[in-house]
1. As a test of reading the structure, rank A:His202, A:His750 by solvent-accessible area (1.4 Å probe, protein chains only), most first.
2. Compute the signed sum of charges (Lys and Arg +1, Asp and Glu -1) over the other residues within less than 11 Å, Cβ to Cβ, of A:Ala557.
3. Would you please report the Å³ per residue occupied by the convex hull of the alpha carbon atoms in region A:152-301?
4. For a quick protection proxy, order the peptides A:460-466, A:650-656 by their average other-Cβ count within 10 Å, most packed first.
5. Students often forget the sequence filter, so: which aspartates and glutamates lie under 12 Å Cα-Cα from B:Lys181 once same-chain residues fewer than 8 apart are removed?
6. What pairs from B:Lys60/B:Lys164; A:Lys156/B:Lys60; A:Lys498/A:Lys595; A:Lys471/A:Lys498; A:Lys118/A:Lys595 go past 23 Å between their alpha carbons?
7. Within a 10 angstrom radius of each residue's Cβ in B:159-166, how many Cβ atoms of other chains show up on average? Whole number is fine.
8. Given only helices, namely DSSP H runs of n ≥ 4 each adding -39500 (n - 2.57), what is the per-residue ellipticity at 222 nm of chain A, to the nearest 500 deg cm²/dmol?
Amino acid sequence: MASDPAVLTTPDIVRRRRPWWWWTIWIVVAVVLGVTAVRAKFTTDLEQMLPNNDRDLNRILTFLHERGASRLLAIEAWSDGGKATPEQVTQALVDLGAQLHPLGAQTLPQPGPDEIAKLLSVVEDHLPLLVDSQALEVIHKRIQPTELHDYLTAMKERASRPDDALVGSFVRRDVLAIGPQEMLALQKTSGGASFANGVVSHPDGVHFMLPMTVDFDPADTHRTFLLMDTVWDAVHANAQKGIIFEPIGAYRHFDDNMKSLYSDFFKTIPVGVALIVLVLWSLSRSWGSVAAMYLPALLGLAGAVSAVSISQGQVPLPLIGFAASLMGVAVDYGIQMTYALRSGDYAHVRSPLLRSFVVSACAFGALATSTVPALHSLGLMVLCGVAVAYISARYLLPSVVTPAHRPDPWIHVTGPVLRICERWRWQCAGAALVITLALAPGLWHLTFLSDIQRMDGSKQSTRDALDTFLKRWGNLEPSNFLVDTQPNLDDALSGIAKARIQLGLPPSALERALPDSATQDAHLAAWNAFWSAHRAQFLTDFATACADLHMRPQGFAASLEKYDVVPTTDKITLEDWQGTPLQTLFATLVLQTDKGWQVSSPLDIAHPSELVPIEAHARELSIEPVWIASRAHLAKRLVEVLRSDLARRAVAITIAVGIAVALLVRSPRKILAMLLPPAIAMLWTFGILGMIHAELTPFTVLVAAFVGGIGIDCAVFLAQPEHRRSLITPVIGCIATAVAGTAVMLYARHPLLCGVGGTLTIGMISCLIASLLLTPALAGRDTTTTPAP
Amino acid sequence: MKMMMMTMMMLLAQVLGSGPALIAADAGSSPAPSVDAFLARVAAGEKGIATVRIPFVQEKHLAIMDDALLTDGVIEINRTLGAVRWEFTGKSLMIFGHGKIRRWDADGKQESVPNDPNLKPFQDQMQAFVSGDWAPLEKAFVLTPDPTGAAILTLTPRSPELTKYLASIEMRFRDDFTAPKQLTMVAAGGDETIYKFQEPQLGVALPAARFEKP
């Protein structure tokens, strides 16, 4: 190197005294970036990161957002082997409800006597409009002479009980109990159950549930932790009393996921950092140099966070999960530069360092053009991060790293490796070809994970508890709806009702209580036809049964007057249900939006798999403008949109990187030497993932971009035959530190973290091997030195 | 329906619990006393009365029945235990004690009340009753003393919805205010349920076992 006049030696640079303003600028920049990063507003609001240009996805997101869904927490409780009475179980739930109230959880409003009385009154006043053909069939059976006699006998017995204060009077108005029957149907379809003091009792008499609404989002981790910690304390305390509590809902899943992530971070990060520090110390044998190697990465990280914070106002917290990958790219600059400076010669790294930066900048710049906010932010974050890292490695490190002029501590390992790769470069290329052929079939086994629940890091016990709960109680809250939006409420109701009939689905509480105008007309016509046909015979049979049972038919005058043909009557409207328990239900199902009346009718589905045939049927029948809003569909669509955008970005990144490399190198052989190894490494990575049947998530695909970035860095440095001997050690050092940082993630319990760690580890190792095997053959070997024997 | 039953039982329990208090109160009342004055007498007299037993006859006059339905019964209250025993002779029995309600049918078979949290509000009200608190009744009803000063208190539901099922409840006391005499519940449409009370027995022995089972 000393013979090359263009090369500046490190001592020449370091000895040059930097003026005070030079240091001042760096200090100011570092302080500004650090303070901006620390003061950045981090957000866990996932909605801000989701794409907003996909009609399908957008309307589901808007729909769910308008309903403020996922803010329910239920505590299910039962006695452990009969050790506690049902009263003790319910009291324990009531006590827990009071305990959780200050933390933001409220028990559901319980219908009061007035609301129930109003409900019955509305039903009774609108019987001809509400009763459908099925209910008329039930009435028809009940008015047959024998059945009518039996029914009245039972009714008389009930009314005669001294402790019954209502039946005797109530039946005067509706002796056939058509109204209560309709109420029962409404109760069944609106999820009604025995309800007292906020506690719902299951018909089995054993299980109880305390449903609560929570006034903050589950993603508010601090409050969710406080809430769930209190719940878990109650779970343990009540277990001592023989009462089992089982929390159900999004808050438990968030609690599980976040605690799992924190636990994984605390478990893996210290080990990863220790391994990385060990590798770097082994490389430099100086703690000062280890610190210097990380200086560009730390500044780069601060720059990355600051860039997102300044451009978007807040930083999506999940992006920080990619900080390790960013650090992996950025630290490479520090390692290469520090190693070169320590060895007393850094001129030869300036060019590959610049190429590496330009390639990374092009790749992540292309990612920043994504229309998906999450990908755009990630691209922007990494682009700015690597820019700051490059500038600080290139211009700051030469002023802070002291040359040591020590021999390469890894040369006994890296030297022979390089000699083998250079001497038998065509055999190595052949080996790369063999590996490629062996792993390529794995690509055909690759599958994309579309079930977002499988990316969930909830504990198995949490999932089991949810499954058991769903089987016992049905859905905690409806997650699937038929939705229609029309300028006119009646048109929207009509659309929903028709879609239900087309799909062969039973009516929900909405269609039962609020039929569209045409359905009300049909009900009225059926009612009139029924009583026209059966009234005369019914009156005769009724009088006979009353005489036999010593009852007075005239006492039932109000009922008998009601069971008659009704020529006209006012239609039932949304306003009629004001002041009843259904008002709350309808407030979420019938909304007046800026696009008109939006009606959403809950689909009674216990398991997401039941939705699949309904969706297929809906597509087949083309029920538009009615559509199905479902959380499962949201997740599926989200994965589809991300996958599609990532595929487009991958093409853009490839083109951008290809052009950048071509412009920087202008030698077809070197271009190939820089691009082929990372491409082959990617093929190996996904081939291996396919062979081990690892399902791809958007996250694993995204980290592949980092693998490609580091792979190109690797190839860029090794594609210089004349400097390869002095670059091989830091290149291997870079990959070793990256692998040390990512391999520990394999021990993470959270499936996403584990998957990302696995992909990165396989990818990094593949990059190194592919670069070692291919670059000597493609870029040529160092002809300035004698090959090793 | 349970709501109606709860209201009635709470009312009856309140009235019967007030009996001893009324006995202790000053009988020389002025005409048309205010509700507060009326209830103040009740509150003042509750002290020192530990047990009471009051037999009654229930008459149900239902428009749908040819005949009135008559049922004998007895109510026993032990304030020390915080317990009430309410029996319709030969028909059914309800016991409130240890903060919960249990019910037995005519055959002495216990019914599934303990598993029914619907009765929790009633339990709370019974609990309030044995502690002598009229507040729940005042919340649900407008209390109107007889304008002529007669020993009659009329309750009408505050809620218009409840009015569709219950027209009024009339509580009639003995002329000397020593005990409740009659309670009449009038349903919308004119059906009546009347409780005719006999002489209350104060300080009778009502051991804990009376409030355990039939």
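The values are calculated or read from the model by the stated rules, or taken from the named source; none is laboratory data. Quick caveat: nothing in here was measured; it's all calculated off a predicted structure. All Cβ positions, even for glycine, are placed from backbone atoms using ideal geometry, and neighbour counts span all protein chains on display. Side chains included, ligands, DNA and RNA excluded: accessible areas come from the protein's heavy atoms. Shrake-Rupley method; radii C 1.70, N 1.55, O 1.52, S 1.80 Å.
1. Per-residue accessible area, sorted high to low, gives A:His202, A:His750.
2. On the way: positive: A:Arg172, A:Arg173, A:Arg552, A:Lys562; negative: A:Glu561.
Result for the local shell: +3.
3. Details: hull volume 31.5 nm³, N = 150.
Dividing the Cα hull volume of region A:152-301 by its residues yields 210 Å³.
4. Working: A:460-466: 13.9, A:650-656: 16.1.
In descending order of packing, they fall as A:650-656, A:460-466.
5. Result set, ordered by chain and number: B:Glu170, B:Glu199.
6. Values: B:Lys60/B:Lys164 19 Å; A:Lys156/B:Lys60 13 Å; A:Lys498/A:Lys595 21 Å; A:Lys471/A:Lys498 29 Å; A:Lys118/A:Lys595 32 Å.
Check vs 23 Å cut-off fails for A:Lys471/A:Lys498; A:Lys118/A:Lys595.
7. Values: counts 6, 4, 12, 6, 1, 6, 9, 4.
Taking the mean over all residues of the peptide, I get 6.
8. Values: 32 runs with 511 residues, N = 789.
Value at 222 nm, helices only, nearest 500: -21500 deg cm²/dmol.
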